[in-house]
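Presented below is the structure to which this report refers.
The values are calculated or read from the model by the stated rules, or taken from the named source; none is laboratory data. The structure displayed is predicted, hence computed values, not measured ones. Neighbour counts are summed over all protein chains in view; Cβ atoms, including those assigned to glycine, are modelled from backbone coordinates with ideal geometry. Remember, those area values only see protein heavy atoms, side chains included, never the ligands or the DNA or RNA. Shrake-Rupley method; radii C 1.70, N 1.55, O 1.52, S 1.80 Å.
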Amino acid sequence: MRPPNDYIPGLLCLLFVWSHVTYVLATRRQQKFVTDSVTNKNVLFVIVDDLRTSLGCYGDNIVKSPNIDQLASMSVRFTNAYAQQAVCAPSRVSFLTGRRPDTTRLFDFNSYWREHAGNYSTLPQYFKEHGYVTMSVGKVFHPGISSNRSDDYPYSWSVKPYHPSSEKYENKKTCKGKDGQLHANLVCPVDVSEVPEGTLPDIQSTEEAIRLLKKIQQNSSFFLAVGYHKPHIPFRFPQEFLKLYPIENISLAPDPDIPRNLPAVAYNPWADIRKREDVQALNISFPYGPIPPHFQRLIRQSYYASVSYLDSQVGQLLNAVENLGLANNTIIIFASDHGWSLGEHGEWAKYSNFDVATRVPLIFYVPGMTTSRQTQQNIFTYRDPFNIKTIKNTPGKLKEDPVELVSLYSTIVELAGLPLLPACPVPSFHVDLCTEGQSLLPHFAFGKNLPETVAYSSYPRPSDTPQWNSDLPDLEDIRIMGYSMRTRDYRLTLWVGYNPVTFQANVTDLHAQELYLVKSDPNQDNNLFNESLHYDFIQKLFGHMLKWTIFT
């Protein structure tokens, strides 16, 4: 039995209403959880580019991330946090405005939401308007048109955002090949002393962030966002970090082949990787490849090395927070804009609705809340990844509920004790200040029973089959939108027709469906949607949720 074309998409809307209503009620019941102990705090927001949950604190036994693990040990750590779109600009604009991509109308890199959709207030803007000094270092907003070529300055920031001077070399020919020449490669370990300016962007960002922290007046509250580039491609990092990951210890992805029942529209052909000189030399066929196993190992090794390099920068930043006496009055949030495929499903990069592309690390450190008592000294001592002794971190507080990055805005505002944001009406293009994300504060109160949560993601495609622009279609080329929802038990994705002129999805134009049961298929390799047994399962599940909506 095949579901009628207009049945399941309509239930997606019902489920959104269900999750929104029940979650808002739960949030209102628990607003008293925020006490005076978490008000008037500074905010340090660390945003990482393309980082999946490949961290020790997320159960990865290969990656060495001692400094981020140390932070997680004193924090609330969400193990099922999801981006709303697995690409940089749409994701960042979404969580920095508290609006979903359908409301920002940003699915590519080519529009500024204030002109294209609505004059939405941003997270740093809200703090600025409440007396905070707001500062941006590195890649916070995606640079370019999507942030008005100014990182939304002066709306969002008190001072002009800082970008590392060495940023301009990231995609240049600075990678030394076996021929002794410089290339624009994907895999690019470097001798830092030999690169232009003798430094790298993330090193400069750490130095600038520490400089700003030292400059802050004692009587000023600050909101500092620090955006790190790695592990975004190219994998350009100090070459010594390769020593942490001998190539003989690097395995392939557990599911390196394209699943037999994967709809063609769901596949991302990793076109940006194919443009790199070292990948071009492999003469890989388009669109399905595959990449030769030896080069797959090089990519995975370089990704892990980039993560450890990132961790060392985060460790230096956190150590400065402690040394400057700020650890007891600064809320620290660590998050990524989206994940990254490392060969799973035969895919690389992001550009999909799978967990590996949408799932992100999300960590909240709140003095007096995530720590059981007044924070003591030496909690952010720098840990050298090259000299890690056996360190037993306490696990911190673990939350497995599916949550969304769009909730960051309302959560951080509430943690800081600022006036709560109103929920957005539907539609909300005319409303400057509201949020489509629900505060995560109820999750901080352990022992509380909360309604089941759902995380939503979406991804656009230009066609049913992979094209050279499938990963990053311009708005005018979008013809299909993949709407996906993740619960604790499953991921359901529906690919429907989309009109980029009217910004409307046609739910009667159903192109493909995916259903993955997380418990029995954690890698999401076996699409079960077309099996009638599971259609009946979906019917019952949605019917049950509909009842909850009615009685709530």
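Values for this structure:
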{"quantity": "Dipole magnitude of the chain about its Cα centre (Cβ charges: Lys, Arg +1; Asp, Glu -1), debye to nearest 20", "calculated": "1200 debye"}
{"quantity": "Size-normalised alpha-carbon gyration radius of the range 326-442, reference 2.2 N^0.38 Å", "calculated": "1.35"}
{"quantity": "With at most 15 other Cβ atoms within 10 Å, longest stretch of the chain clear of loop trypsin sites (Lys or Arg not before Pro) (DSSP)", "calculated": "1-148"}
{"quantity": "Unit charges at the beta carbon, dipole of the range 403-505: most positive-side option, Phe503, Val426, Ser463", "calculated": "Val426"}
{"quantity": "The range 101-129 versus the range 174-234: alpha-carbon centroid distance in Å", "calculated": "27 Å"}
{"quantity": "Dipole magnitude (debye, nearest 20) for the range 315-474, charges at Cβ of Lys, Arg, Asp, Glu", "calculated": "840 debye"}
{"quantity": "Gap separating the Cα centres of the range 493-525 and the range 136-152, nearest whole Å", "calculated": "30 Å"}
{"quantity": "Dipole magnitude of the range 274-316 about its Cα centre (Cβ charges: Lys, Arg +1; Asp, Glu -1), debye to nearest 20", "calculated": "140 debye"}
{"quantity": "Cα pair count fraction exceeding 21 Å, expressed as % - the range 94-179", "calculated": "38 percent"}
{"quantity": "Quotient of C-alpha Rg and 2.2 N^0.38 Å, computed over the chain", "calculated": "0.93"}
{"quantity": "Links that overshoot a 20 Å alpha carbon limit, given the list Lys160/Lys350; Lys275/Lys350; Lys230/Lys350; Lys173/Lys230; Lys176/Lys275", "calculated": "Lys160/Lys350"}
{"quantity": "DSSP bridge orientation in the chain - percent antiparallel, rounded to nearest 5", "calculated": "55 percent"}
{"quantity": "For the range 68-219, radius of gyration divided by Kirkwood radius, i.e. Rg to Rh on alpha-carbons", "calculated": "1.02"}
{"quantity": "Carbon and sulfur %, accessible surface of the range 296-369 computed with the full protein complex present, 1.4 Å", "calculated": "41 percent"}
{"quantity": "Contact order normalised by residue count of the chain, Cα under 8 Å, 6+ apart, percent", "calculated": "26 percent"}
{"quantity": "Residue-span extension gain [Asp60 to His130] - 0.36 nm each, minus C-alpha spacing", "calculated": "21.2 nm"}
{"quantity": "Cβ-Cβ FRET estimate between Asn329 and Asn469, R0 fixed at 51 Å, reported to 0.05", "calculated": "0.60"}
{"quantity": "Most positive-pole-ward Cα, Phe109, Tyr58, Tyr82, against dipole of the range 48-119 from beta carbon charges", "calculated": "Tyr82"}
